[in-house]
1. Find the centroid of the Cα atoms in region A:1-70 and in region A:345-409, then give the distance between the two in whole Å.
2. How much FRET efficiency would the formula 1/(1 + (r/R0)^6) give for B:ILE85 and B:ASN153, where r is the Cβ-Cβ distance and R0 is 30 Å, rounded to 0.05?
3. What ranking do B:VAL27, B:VAL234 get, fewest neighbouring Cβ atoms within 10 angstrom at the top?
4. Name the chain A residue nearest the rotation axis between A and B, going by Cβ position, and give the distance in whole Å.
5. Between A:ASN410 and A:GLU361, take the C-beta separation as r, use R0 = 30 Å, and let me know the FRET efficiency to the nearest 0.05.
6. Given the rule -39500 (n - 2.57) for each run of at least 4 DSSP H residues, summed and divided by the residues of chain B, what is its mean residue ellipticity at 222 nm, to the nearest 500 deg cm²/dmol?
7. Apply the Karplus parameterisation 6.51 cos²θ - 1.76 cosθ + 1.60, with θ equal to phi minus 60°, to every residue of region B:222-230 and state each ³J(HN,Hα) to the nearest whole Hz, in sequence, with x for glycine and proline.
8. Identify, among B:GLN275, B:LEU215, B:GLY295, the residue whose Cα sits farthest towards the positive end of the charge dipole of chain B, taking +1 on the Cβ of Lys and Arg and -1 on the Cβ of Asp and Glu, with the dipole about the Cα centre.
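Where a number appears in this text, it was derived from the coordinates with a stated rule and is not lab data. Please read these numbers as outputs of a predicted model, since none were measured by experiment. Here the Cβ positions follow ideal geometry from the backbone for every residue, glycine too, while neighbour counts run over all protein chains shown.
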Protein chains: 2
Amino acid sequence: MAELIVTHGTILTMDGSDSILADGALVIENGRISAIGDTKKVAQHDPGAEVIDATGMLVMPGLVNTHTHLGATILRGISDDVDGIEWMPLNWSVTRHTTQEDLYLAALLGIAEMIASGTTCFSDSYQDIEQTARAVAETGIRAELASGLTERNGRKDAQRLMEQARSFVAEWNGKAGGRIHARFGPHALYTCSTDYILQARQAADDLHVGMHMHLAESPLEMKTVKKKAGETSVQHLHALGVLKPDFLIAHALTINEQDIRLIAEDGSGIAHCPQSLGKLGAYPFPAVDTWIRAGIHVGIGTDGVASNNNLDLFEELRFASLTRKLFARDGRVLPAGEVLRMATVTGAKALGLGNEIGSLEAGKKADIILIDVRKPHLAPFHNIPGLLVYSALGSDVDTVIVDGKVLLRNRQFTTLDIADIMERVQAAFQALLKRAGWNLNLAEPTQSMATVLKLKATQQSLKIFQALMENRQSKEESGV
Amino acid sequence: MAELIVTHGTILTMDGSDSILADGALVIENGRISAIGDTKKVAQHDPGAEVIDATGMLVMPGLVNTHTHLGATILRGISDDVDGIEWMPLNWSVTRHTTQEDLYLAALLGIAEMIASGTTCFSDSYQDIEQTARAVAETGIRAELASGLTERNGRKDAQRLMEQARSFVAEWNGKAGGRIHARFGPHALYTCSTDYILQARQAADDLHVGMHMHLAESPLEMKTVKKKAGETSVQHLHALGVLKPDFLIAHALTINEQDIRLIAEDGSGIAHCPQSLGKLGAYPFPAVDTWIRAGIHVGIGTDGVASNNNLDLFEELRFASLTRKLFARDGRVLPAGEVLRMATVTGAKALGLGNEIGSLEAGKKADIILIDVRKPHLAPFHNIPGLLVYSALGSDVDTVIVDGKVLLRNRQFTTLDIADIMERVQAAFQALLKRAGWNLNLAEPTQSMATVLKLKATQQSLKIFQALMENRQSKEESGV
């Protein structure tokens, strides 16, 4: 028995054939697509099914955000226009004051923003990920959630985090009707030792789940790792047997040709987050088209809003294509169709979900978005990939379906009370800044971040961060 | 007598003080701001005035788009993902088939898109600009319109265009209640001879209007001009006395330190169009922050949709800041407040309208936008410049006022019938492609542009374009 039928849409399947159905329909049963084709042929009348008329709409797979940190959504705007090296300690000086309720509200806000801009699945790594899982379960979105691991607060805390991650996997993996998959999330090579990462790899193997880690993030990381291990970050993890198809790499700015071959060989995915790189002035800007040609599953990610500052994948698609063209000095690289694949079918593969989501095909999960193309910026209507990547806005998304359930309809949320969430977020944010000792004057919202950076707390964190980046490894017996 | 009063808004004045009014009001009389301040103080009850309650809204100056080509709006999506050298002939192969009605519809569509995303004033240069003027007059937006000049179709046609430009200035300058200013628009140094440009300069001086020209667009232009004139494009026009405060330069990619000094000295403005550079893979990417420090009035422009593919300045603001940070490898350059100035007060100065628009001050024209900040992607609410530049969407614009008249309210147009325009644009677009001999199959919208490029008409245009770029100057007696 069909539960939902979408009729009369222009359907972009992303199933590899690049085919477009001009008057297409989708039938959904038990949360999966049971049929797809011409409206006249497949949309049999089924009295029990809800029907969504998609006239004037483009119907496509929900977008996949391969790297973000929803716990940081409450930090939007606190660390703008700063140098890359200042950014992380600036955020840490606030995040250490966040409560579980802050994290829950931040996740709800982030999920609302993602649903409203067409994202149906996201991959997150955060030190306290449980509140995000709770918000995912409640709101109906799909997620790969990595429980964050770091040794930056000492070995005792690191083991506490490892236990927390094991518990998280035991409690949440496969939950929310299968919408949640759990992972282990070692933060980075400059905050986790080799032993600690191997411990996470073993635990992930034992529990049959994946991993998610920032890697090859900066020239400074490359220099430090090479000095200690005599090889690159990727070569180091490859030699240790850590890289596998269930391993997701975030960023990968500094990878060389050999690294690219190793990642392709190991089958690991990469999350490319171009706007976040822009926010922090990160370099070198990666040639993602060469990664794709090497056979790596490269997805698109927004990163957290503290370094973006939004979770809108339409913004990320446009930025990914245009910036790569600028650095390649060639308008032909990363064409619209290619970045659309990154945000759908390839992004799904990078998360190990290629058989379940990422394209509209019979048998796959019903994760679907409807985009209202009756807008001046989407006319004339032709060249659909071009319109989606170079002209569309997240706010053109009219309807969002995950697992066959409607989460957004006529741009109204069905599973969350956005006015209430925003009110609670605002109060929590102001209380959080106060606890963090920030003298940020909300009545003067143009206050320069330079003022903020003078705060003692930030300066202390900055020193800790620099020590981590430059000296930490020498204190570890086990090398990098 | 007040005609319109905006109350209870958070007002970002952009008047140089970076001040924010938390519960602010604006009083509008005869199309100008007559008072601005706290709602309680300035918003006296005036029974004849329309009142707009801006609770939950951010109130700021309307955005200024310093460089676009509305006649090309109908070409959206026809030349995606191509090499820079192929792009212009690809468009020319279609534009030579456009009718006056096509241009009128294209202008209406572009104006609708701009109003819907918060632009209240734009600067356009196009070979047939009269239909754009007609659309500006009808819709209520403000514009600087340059009548395009080129010698690429021979001397006879070039003189026809010069006469057309003179007639355009005579007929349209200062019209539509002063909302339209006319200019002379020599296309570029590779399509206009020195004599022709000097003729335009003389005409502009005689008629007391400005000029608008693409300049220093590519390394190829730089090489060609240096070979012929022994100096850069900027030095060449400076030496001829063409650069003045009423001269607007589009792009300026290849300008050197001396060029920057000359432009600052002459007082000419520059329109920076970063997304268009991305679309075409243009280089070198300009260090606009150094231009600003040199005292040049640098505005933001979208360029035409054929190379963008949208007219949304919020997209352009975000892209301008993030790309410059990437190329500078420094997250501190072009901070949010700086790019907001480019799109408002400085953009207005680049167009010679600094005394009339660009900030909210008593005495200035009432060109105002209201942005609905009650959206998940704009929470928590603080750091207004950061929210506007790194998170806001054009679709967050709720209300648009130009010259004191409301053009958009609750996102509904008051001066145009968008459904009718879009229907006519679609029909005109399909007829245009047919006339141009394009075999573009609208039923297969993912068709690669490589297929299109094989078309004979395009190949012919490409040859003409290459000849223009490489050999044209040698045929001219008068040098560059």
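1. Here the answer is 10 Å between Cα centres.
2. FRET efficiency, B:ILE85 to B:ASN153: 0.90.
3. Least to most surrounded, the residues fall as B:VAL27, B:VAL234.
4. A:SER395, 2
5. Approximately 0.65, to the nearest 0.05.
6. Numbers: 19 runs with 194 residues, N = 480.
The helix-only estimate for chain B comes to -12000 deg cm²/dmol at 222 nm.
7. With coefficients 6.51, -1.76 and 1.60, one gets 4, 5, 5, 5, 4, 5, 7, 9, x Hz.
8. Positive-end residue among those listed: B:LEU215.
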